[in-house]
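Data first, discussion second: the structure below is written as structure tokens.
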Amino acid sequence: MIRYTISILVLGMVAVAGAFADGIPPLQIGVASATINPPVGTFLGGYDNNRKSTGIHDNLYVKVVIFDDGGSAVVFAVLDALSIQLFETDAMRSAAVKKIGDARLKGERIVVQATHSHCAPDLTGLYGASPGESGISTAYLEQLTETVADTIARAWAGRQAGKLAWAETSCCGWAVNDSEPAKIDNSVTILECLDASGKPLATLANFACHPTVLDGDTTLTSADWVGGYYAAMGASLPGEHLFLQGAIGAWIQPKTPERSFALAETYGKDLAEKVVTALKSTKPVEGTVLRFAQKRFLLPLANEKFRQMTELGLTPRDMKGGSVETEVTWFSVGTAQFATHPGETAPVFAEETRKLMKSGPKFILGLGNDHLGYIVPTTYFDDPTSVKFADYLTSMSPGREAGAAMMAALAAIIP
């Protein structure tokens with residue numbers, strides 16, 4: 001059952017004038033969270049069909065941070081979920097806009113990202129009782145949509161003056177590229193949200209690795225190693241802690257000498273320790289102005305499996321043609337920049353996206369607003385024998401043209 005956490009970190013508006021000695025009008029920051037645990041019997045996403053939840057090992061969360069520069073706002077919501085589809089994102093946007101009722105908040109300015117735990121409910125439709133039956137629980141999805149909207153509304157009501165700092169570090173040793181071992185990005189980019197007194201309101205850490213320590217034999221709901229990260233961060237620092245998934249689509253996986261909750265906790269704690277250490281040496285994010293751009297576009301769709309999802313009723317999404325509508329989003333808060341990828345993208349696309357951004361820190365939001373499978377380089381299609389697991393990755397990809405289409409859309413909106 002979904003229930004709210006009692007922690008709302010910001011309870012009221014703080015006067016903008018005079019909040020900081022440097023005279024720069026401060027950003028308004030709102031933070032809130034809620035649990036989004038499913039009922040027992042819900043189909044879990046990932047691995048095999050007919051894998052149902054038998055209980056809860058650690059909580060799944062929606063965690064929200066809002067940035068408001070006084071003229072416009074951006075809402076960022078992270079869900080411990082296998083994925084989020086565009087039609088689900090749009091429903092959450094509509095519900096939040098209706099609940100808040102402020103003309104300054106536009107639906108497209110709500111960015112939703114999934115952490116990609118394989119021990120969370122199926123929101124794609126692929127993992128029902130059999131390959132021909134949808135695993136999406138309408139009741140859970142409706143409740144999830146309402147909870148996300150409520151959490152955004154609470155964060156909106158609780159905005160207060162704040163400022164941002166950032167840091168970078170690396171987390172090496174347990175996240176590896178199973179397909180192309182030499183191509184691995186172990187960087188960790190961190191954004192710290194502080195109140196007027198310098199107390200942490202939230203930390204956002206961007207790192208690329210599947211939360212797949214736990215395997216298909218696990219039927220307890222869990223955020224996987226991300227849950228261990230949340231727990232370790234909560235024990236070390238006040239505020240909310242958001243994990244921002246990166247580009248994991250060339251099979252960026254954790255090493256799994258065992259498939260245990262203990263190992264997941266160890267990996268999460270390791271990342272948390274590195275983040276906490278990096279936060280001892282932060283740099284200020286320059287400026288407070290928000291900029292935002294979104295582009296909806298048609299992604300070429302050559303994979304028959306996607307069409308079958310619509311034909312079999314696994315998803316209400318129309319994927320029967322030669323393309324499917326998706327979107328990319330870019331936004332910046334001062335010099336900090338964020339860009340979404342609509343699926344599990346190979347590291348090369350993270351690198352290309354960062355090159356489009358002229359300032360830093362730079363955050364790559366994999367599985368942002370949408371999830372259209374693996375988006376991988378054309379070499380995976382042209383010479384699959386040269387890349388380990390290329391046959392599987394391409395079988396779960398929209399097609400060889402997806403990466404180029406996504407990058408063209410991003411290039412069109414990143415200034």
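The values are calculated or read from the model by the stated rules, or taken from the named source; none is laboratory data. Note that the structure is a prediction, hence the values are computed from the model and not measured. A quick note on method: Cβ atoms are made from the backbone with ideal geometry, for glycine too, and the neighbour counts reach across all protein chains shown.
Of the strands (runs of 3 or more DSSP E) lying entirely inside the range 272-371, those containing at least 3 residues that are crowded, with 21+ Cβ neighbours inside 10 Å span 323-333, 336-340, 362-365. When the residues of the range 47-66 are filtered to those that are in contact with a Ser or Thr (Cβ under 6 Å, 6 or more places away or on another chain) and not in a loop (DSSP other than H, G, I, E, B), the one that is surrounded by the fewest Cβ atoms within 10 Å (Cβ to Cβ) is 56.
A count restricted to the range 128-148 and to residues that are of a type outside the set (Phe, Trp, Tyr), surrounded by fewer than 22 Cβ atoms within 10 Å (Cβ to Cβ) and not in a loop (DSSP other than H, G, I, E, B) stands at 8. A count restricted to the range 8-47 and to residues that are modelled with pLDDT under 50 and either of a type in the set (Phe, Trp, Tyr) or touching a Cys at 6+ places or on another chain (Cβ under 6 Å) (or both) stands at 1.
Keeping to the range 290-316, report how many residues are basic (Lys, Arg) and either at positive phi or touching an Asp or Glu at 6+ places or on another chain (Cβ under 9 Å) (or both).
Initially, the range 290-316 is screened for residues basic (Lys, Arg), giving 291, 295-296, 305, 307.
In the following step, the residues that additionally are either at positive phi or touching an Asp or Glu at 6+ places or on another chain (Cβ under 9 Å) (or both) were identified as 295-296.
Qualifying residue count, the range 290-316: 2.
From the list 258, 273, 286, 240, which one is under 20 Å from the mean Cα position of the chain (by Cα) and of a type in the set (Asp, Glu)?
On the way: 258 fails: under 20 Å from the mean Cα position of the chain (by Cα); 273 fails: under 20 Å from the mean Cα position of the chain (by Cα); 286 fails: under 20 Å from the mean Cα position of the chain (by Cα).
Within the list 258, 273, 286, 240, the selection yields 240.
For the range 189-209, the count of residues that are under 23 Å from residue 362 (Cα atoms), touching an Asp or Glu at 6+ places or on another chain (Cβ under 9 Å) and charged (D, E, K, R) is zero. Can you confirm whether residue 280 is more than 21 Å from residue 368 (Cα to Cα), basic (Lys, Arg) and without any contact (Cβ under 8 Å) to a residue 40 or more places away in the chain? So residue 280 passes the test.
Only residues that are of a type outside the set (D, E, K, R) and either at pLDDT below 95 or in contact with a Pro (Cβ under 8 Å, 6 or more places away or on another chain) (or both) were counted across the range 368-378, and they come to 6. Cβ-Cβ distances below 6 Å connect the following pairs, each with a first residue in the range 374-400 that is surrounded by fewer than 16 Cβ atoms within 10 Å (Cβ to Cβ), a second residue that is of a type in the set (Lys, Arg) and modelled with pLDDT of 95 or more, and a separation of six or more residues or different chains: 378/400. Here residue 178 passes the criteria (1) surrounded by fewer than 22 Cβ atoms within 10 Å (Cβ to Cβ); (2) in contact with a helix residue (DSSP H, G or I) (Cβ under 7 Å, 6 or more places away or on another chain); (3) closer than 20 Å to residue 367 by Cβ except the one numbered (2). Scanning the range 193-210 for residues that are assigned to a strand (DSSP E or B) and of a type outside the set (Ser, Thr, Tyr) yields a total of 10.
Does residue 218 satisfy the condition of being of a type in the set (Val, Ile, Thr), modelled with pLDDT of 95 or more and in contact with a Cys (Cβ under 6 Å, 6 or more places away or on another chain)? Judged against the criteria, residue 218 is a match. When 113, 85 are checked against the criterion of being within 29 Å of residue 70 (Cβ to Cβ) and touching a residue at least 12 places away in the same chain (Cβ under 8 Å), a single residue qualifies: 113. Taking every residue in the range 152-167 that is closer than 7 Å to residue 30 by Cα and without any contact (Cβ under 8 Å) to a residue 60 or more places away in the chain and pairing it with any residue that is hydrophobic (A, V, I, L, M, F, W, C) and surrounded by fewer than 22 Cβ atoms within 10 Å (Cβ to Cβ), at least 6 positions away or on another chain, yields no pair with a Cβ-Cβ distance below 6 Å.
Answer yes or no as to whether residue 332 is at negative phi, touching a residue at least 24 places away in the same chain (Cβ under 8 Å), out of contact with any Ser or Thr (no Cβ under 9 Å at 6 or more places or on another chain) and of a type in the set (Gly, Ala, Ser).
Working: at negative phi: yes; touching a residue at least 24 places away in the same chain (Cβ under 8 Å): yes; out of contact with any Ser or Thr (no Cβ under 9 Å at 6 or more places or on another chain): no; of a type in the set (Gly, Ala, Ser): yes.
For residue 332, the condition - at negative phi, touching a residue at least 24 places away in the same chain (Cβ under 8 Å), out of contact with any Ser or Thr (no Cβ under 9 Å at 6 or more places or on another chain) and of a type in the set (Gly, Ala, Ser) - is not met.
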